[in-house]
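Report on the structure given below.
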Amino acid sequence: MILILQLLLALSLRADGYSWYQVLDCISRSSDLSDSEYITTYYFNKDPFLRFNSTVGEFVGYTELGVKNAELFNKGPEVQRMRGELERYCKPNLQLVYTHILDKAVKPKIRLTSEKQASQGHPALLMCSAYGFYPPAIDMYWLRDGEKVTSDVVSTEEMADGNWYYQIHSHLEYTPTSGEKISCVVEHASSKKPIIVDWGGSFPDSDRDKIFIGASGFVLGIILSTAGFLYYKKKSPGQIRESSADIDPSGVLMSD
Ligand SMILES: *[C@@H]1O[C@H](CO)[C@@H](O)[C@H](O)[C@H]1NC(C)=O
C-alpha cells in the first residue's frame, strides 16, 4: 500500500484568472519509512513548473520560469532547507499516520448485488457496496475476466456515516455473456491483499432461489413417488400371482 500525505498551499488571483499553488507530498510504501520521499511541486495555472524531490536532492525546472527558479534556489538557502524537510516534516507525520490511523483500520463489509437484471437489449446493473470501513481512503473497481473495467462504471465518493465509519458504492452496467467472470475489488489499508468478491455466475440471487426451490421440489417428488410405488408393490404381491394363475388354466383349456 502506498501512503501519500498531501498539503496544498494556494494563492489565487481570481480577477485575472491566474493561480499559483504549491503541493507538498510525503510518500511512503512501508511502515519503516525506509523508502519515503518528500516532493514539493510548484504550479502556475495548473502547469507544474518547479519541483523538489528529496531523492534527487535539488530543484528541477520544467519551464523557462521553472529553470530560472531552480538555478536560483539550488544556489541559495532554499535547497538546504528542502533537504531537511523529509526528516523534519514527512517522517514524523508519516509515522503518526502509521501508528495512530492505519493500525486502527477497520475492514469493509462488501456486498455485491444485482440492481437490474438483463433483458432483451438492456444491460444488467450490478452494485458493489463497502460498508463500515476506516480510514476513508479506499479504492473500489471492477474486473471483467481479470481485466479492469474502465467504462460504464459510476461510483460515489467515500461517504461518512458520522461515526468514524465510511461507505462507498459503485455501479457497473454490463451485458452478460456466458462464461465471463465479473468481480468487485476493494483495496484498503485494513487488508494487505485486495479484497475480491466474485459475482455468482449468470443467475441473479432471486433466480437462483427459484431454481433451487424448483429443483428441490422435483427431487422430493421423485423420492415420494418411488417410495409410493415400492410400498404398493410390497403390499400387493398376491394380486399379481392370482392374475397369472387365471391365465394359466385358460391356456391349458385352449390347448386341450
Ligand atoms: C523522485 O526521484 C526519484 C529518482 O529520480 C524517482 O525514482 C521518483 O519516482 C521521484 N518521485 C516522484 C514522486 O516523482
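Could you calculate the FRET efficiency of LYS234 with ILE213 from 1/(1 + (r/R0)^6), where r is the beta carbon distance between them and R0 is 45 Å, rounded to 0.05?
Values: r = 32 Å, r/R0 = 0.71.
Efficiency computed from Cβ-Cβ geometry: 0.90.
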> Once you put a point 7 Å from the Cα of SER225 and another 7 Å from the Cα of ASP32, both along the Cβ direction, what distance in nm separates them?
Replying inline: 7.1
>> Rounded to whole Å, give me the distance from the Cα center of the stretch 1-75 to that of the stretch 119-140.
In response: 34
> Per-residue HN-Hα couplings for the stretch 113-126, Karplus 6.51 cos²θ - 1.76 cosθ + 1.60 at θ = phi - 60°, whole Hz, x for Gly and Pro?
Replying inline: 10, 9, 7, 8, 8, 6, 9, 2, x, 10, x, 8, 10, 9
>> Testing the spin-label approximation: label points 7 Å from Cα along Cα→Cβ at HIS169 and LEU65. State their distance in nm.
In response: 4.4
> Against the longest principal axis of the chain, how steep is helix 237-255, in degrees 0 to 90 to the nearest 10, with axes from Cα atoms?
Replying inline: 40
>> If I stretch the segment between THR99 and LYS148 completely, what's the gain in nm (0.36 nm per residue apart, minus their alpha carbon distance), one decimal?
In response: 14.4 nm
> Counting only residues 5 or more places away or on other chains, whose amide H sits under 5 Å from the amide H of SER155 once H atoms are built in the peptide plane?
Replying inline: HIS171
> What is the helix-to-structure angle for 205-235, meaning the angle in degrees between its Cα long axis and the longest Cα principal axis of the chain, kept from 0 to 90 and rounded to the nearest 10?
Replying inline: 20
> What number in nm² do you get for the stretch 109-205 if you take the convex hull of its Cα atoms and divide its surface by four?
Replying inline: 6.4
> Which angle between 0 and 90 degrees, to the nearest 10, do you get for helix 64-75 versus the longest principal axis of the chain when only C-alpha atoms count?
Replying inline: 70
> Just the C-alpha atoms of the chain: what Rg/Rh do they give, with Rh taken as the Kirkwood radius?
Replying inline: 1.41
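Throughout, read-outs are computed from the coordinates displayed, never taken from laboratory work. Every value quoted in this text rests on a predicted model; they were computed, and no experiment measured them. Positions of Cβ are generated from backbone atoms using ideal geometry, with glycine treated the same way; all protein chains shown enter the neighbour counts.
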